Every structure is written in structure tokens, then in C-alpha cells.
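Worksheet: the structure to be examined is printed underneath.
The values are calculated or read from the model by the stated rules, or taken from the named source; none is laboratory data. Quick caveat, the model's predicted, so the values are computed rather than measured. All Cβ positions, even for glycine, are placed from backbone atoms using ideal geometry, and neighbour counts span all protein chains on display. Calculation scope for accessible area: heavy atoms of the full protein, side chains included, ligands and nucleic acids excluded. Shrake-Rupley method; radii C 1.70, N 1.55, O 1.52, S 1.80 Å.
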Amino acid sequence: MKIPYAKMKSYELKQELSELKTIYNEYVKQNLKLDMSRGKPNSEQLDLSMGMLDTVNSATGTFSESGVDCRNYGILLGIPEARKIMADLLECDPSEVMIGGNSSLNLMFDAVSRAFTLGVYGSDKPWCKEEEIIFLCPSPGYDRHFSICQHFGIKMIPIAMNDDGPNMDDVEYYVNNNPSVKGIWCVPKYSNPTGITYSDEVVRRFANLNPAANDFRIFWDNAYVIHHLYEDKEDKLLNLFSLLKANGKENMLFEFSSTSKISFAGAGISAMCASKANVALIEKQLADQTIGFDKISQLMHVRYFKNADGIKAHMKKHAELLRPKFILVNDILERELRELNIAEWTKPNGGYFISLDVDNCAKRVVHLCANAGVKLTDAGATYPYGLDPYDKNIRIAPSYPTLEELEQATELLCLCVKIATIEYYLTINI
């Protein structure tokens, strides 16, 4: 039985700190180079899709079943077969889907850029002519969403994340009353970094929003729509698009996804789902930007996976590789930190991240880890402007290291949490 640090006397904390730093210095001497900073698939996961490379060659040809010669120009919205697969995954109609390159982040950036320079369907003017543009940012959230806002000078308002999704009282207040609020970022399923899935009530409240701005958009980044870790514990997410259609508000949604963590992270296909009116305008706007995206890649994915069920079966193989890593991290956190009562963390049923909250010392923890050879996402990155108001959140990405590396990295992380917490407690004379 471990004594919680909060119950230790000052001299006991100092003695504990001295012992922990001795162990820490031994780690430093090892010159480790371990990376838990990004949610990258490891080589074993990428190997699962190697057969895809054999689906397009001089013998198999490059014509899709619909008769498209994928070597040539055209088909701006993607070949019909690829649109069908992604539509089935996102539970919408193929006519409501466009296929992009390997990165859904690229589609999101371009969607914001077009809104700035050209406007969105139903808008009075492009966003660049507005005095102020505001996006709501559920936090902790995805750092690259926030960096898009910073790139365009969009004001960000953090929205607290609850166990069932964003604080909808705040979302409704801002969206329904402030015409400068043009968007909100959401990762609704196995959210980055908390791993939570929005509840039915939260999704319904999104569907019932009455925006003060007629060009408000929900940026629904459904990156982990089929990224389950446990077959018997799959989170379910209500279909927001269907609910919006029922309310006559289907133009309010921009939904995004990709195969980046399904096939090849650097050579997958991405998808944007939106109303037919939105898609028609986007196609018209894109016509001056590109002749079309990589249809050879689209064809490879179609031939290899065949349909949405093929992708879902493939994801079970990913889960077999990822599940032991998530279990390992949780087991070490439980063993090292639970009884000390100095940290809380999520135990997601899917996705790519574990969210770790510490007591006012996240930056110090990340610094200590970096100094000892473990790379983590910067502390504060999961909040707009990189400003975590409580200096508490750390994103853990278990996918890339091997199990052996992950064990070592997580044990070192726990050691750093202990050191940083004691240092903090000593400064406040707990």
C-alpha cells in the first residue's frame, strides 16, 4: 500500500524525491530515444496493407469497375467506388461525399481557406470580410485543429470537455447568440486526446443548434469512426447528419475522415461528407484549384478492401496490435500512480490516445521526459494557443513504439510524474 503524496510530510516528500531522482538519473545515462508524441501507426500496422500495392499493376490495369481510367485527369470528387466505400463508413449517400488525398487535415484546412476567401453555401460574404471570426474549441482537443485557426487568425474559445462530450450549455450560448461564431471543431468518436465518444444527448443538442450566423459550420472530424480496440466494447455514435437533415439543417455540417490509420498513413485517401448543396459549391470552387486527386490510390483502396465491410474486418487486425499497448499503458499507470492519487487518465474503447491529467505540473513532466529521452506532445498543445489553464493535460500516443519501448517509456513517464508532483507540492508547502 502506497502512501498518497498529499498525506506525506515535507521531509518525507524530500526523501522520496531524492530517491526518485537517483532512479531518473540512471535513465538519463541510457540515452533513450523513445517517441510517444504523435498517433502514428507502427510498421506492423502498415504491413497489414502491403497487399494493396499488388492491386494495381500492368497486368491488372487501371480502369475502375465504373469505367474510369484512373491514370487520367478528371473525376474531381473521386471515383464512384471510393465515394461509395467512404459513404458507407460515414453512413451517408455517395453523392454527399468527395474524396481527397491522403490527409483529411488537408481537406479541413482547405475548407476553412475556401470559407475565408470565397464563403460557404448560404453565406452573405466570405469570412475575410468579417470583423471577427470565432471558432469554439472543445478542450483538451486536437492540436492541429487549433493550429489551423491560428494560421488564419481565427479567435478560439475553449469549451470544457465532459465525459460525454463538449459542455453543450456553453456551445449553445455562443453559437445561438453570437454571429461571429462561424465554426466548432469536434472529434466526436474516440476523441483526440480523451478517447471519449459524444453521447446521444450531446449529438442531438448539436442537431438542434440555431446559429446566429447563417454560415456557421460544424467541423465533425470523424477520424476514428471504426477504430475500435475491443469488439465487445464498441462505442456508438449517433448520426448527426441524419438528425440535421430531419431538422432541415443539413448544410451546417462538414464531416471528415480518412484511411490514414487504416491503410498507409502517408498514402491513404480522405473524405469530406456534406450536403449536396455544399458539395456542389465545393466542386465548383475546387475546379480552379485541381483537376482531381490521386485516383490510382483510390483504385488501390477499392480493389484491396472491396467495401466497407472489408475495411471493418481489416480494422480488427489493427485492434489486435493496438489493444495490448493500451492495456500495457493502463496497467503501468494503475500500478505506479493510482494509490498515490496524483494523476487521472482515460481508458478509451478505441482511437489512438490516452489522456493523462496531472496536478499543475504537465510542462515539467514533459520536460523531464524529454531530458531522459522520451518524446511527448508538448504540454499545452491540447488547448487553444498552447495554453492549458491548469497545466495538467498530457497526451499519450501508444501506437508507434514497440511493446518493449512502450513499457520503458511509460515507466519513465510515471517516474517523471512522481518527481514533478513532489516538486510542485514542495513549492506550495502541502
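The one condition from (1) more than 26 Å from Leu118 (Cβ to Cβ); (2) assigned to a strand (DSSP E or B); (3) hydrophobic (A, V, I, L, M, F, W, C) that Met156 does not meet is (1).
Kindly indicate whether Leu32 is touching an Asp or Glu at 6+ places or on another chain (Cβ under 9 Å), over 29 Å from Lys317 (Cα atoms) and in a helix (DSSP H, G or I). For Leu32, the condition - touching an Asp or Glu at 6+ places or on another chain (Cβ under 9 Å), over 29 Å from Lys317 (Cα atoms) and in a helix (DSSP H, G or I) - is not met.
Test Gly61 against the stated conditions and say whether it is small (Gly, Ala, Ser) and at pLDDT 95 or above. Taking the combined requirement at face value, the residue satisfies it.
No other residue among Leu328, Leu340, Leu333 is open to solvent by less than 30 Å² (accessible area, probe 1.4 Å), on the phi < 0 side of the Ramachandran plot and not in a loop (DSSP other than H, G, I, E, B) apart from Leu333.
Tell me, please, whether a residue that is in contact (Cβ under 8 Å) with a residue 24 or more places away in the chain and under 30 Å from Leu321 (Cα atoms) can be found in the stretch 169-185. Yes, the stretch 169-185 has at least one match.
Out of curiosity, is Ser191 at negative phi, surrounded by fewer than 19 Cβ atoms within 10 Å (Cβ to Cβ), in contact with a strand residue (DSSP E or B) (Cβ under 8 Å, 6 or more places away or on another chain) and hydroxyl-bearing (Ser, Thr, Tyr)? So Ser191 does not fit the description; no. Looking at Asp124, Asp88, which one is among the charged types (D, E, K, R) and part of a helix (DSSP H, G or I)? That would be Asp88, the only listed residue that is among the charged types (D, E, K, R) and part of a helix (DSSP H, G or I).
Of all residues in the stretch 221-264, those that are surrounded by fewer than 21 Cβ atoms within 10 Å (Cβ to Cβ), more than 23 Å from Cys137 (Cα to Cα) and among the basic types (Lys, Arg) total 2. Name the residue that is farthest from the chain's Cα centre (by Cα), counting only residues in the stretch 355-371 that are within 9 Å of Ile394 (Cα to Cα) and not in a helix (DSSP H, G or I). Filtering the stretch 355-371 for residues that are within 9 Å of Ile394 (Cα to Cα) and not in a helix (DSSP H, G or I), the one farthest from the chain's Cα centre (by Cα) comes out as Val358. Annotation note: of Leu244, Leu237, the sole residue that is under 21 Å from Pro94 (Cβ atoms), outside any strand (DSSP E or B) and touching a helix residue (DSSP H, G or I) at 6+ places or on another chain (Cβ under 6 Å) is Leu244. Among the residues of the stretch 73-87, is there at least one that is open to solvent by 20 Å² or more (accessible area, probe 1.4 Å), modelled with pLDDT of 95 or more and farther than 18 Å from Leu299 by Cα? No: zero hits. Taken over the stretch 95-115, residues that are of a type outside the set (A, V, I, L, M), open to solvent by less than 40 Å² (accessible area, probe 1.4 Å) and assigned to a helix (DSSP H, G or I) amount to 5. Considering (1) open to solvent by less than 10 Å² (accessible area, probe 1.4 Å); (2) assigned to a helix (DSSP H, G or I); (3) closer than 25 Å to Pro4 by Cβ, the lone condition that Ile394 does not fulfil carries the number (2).
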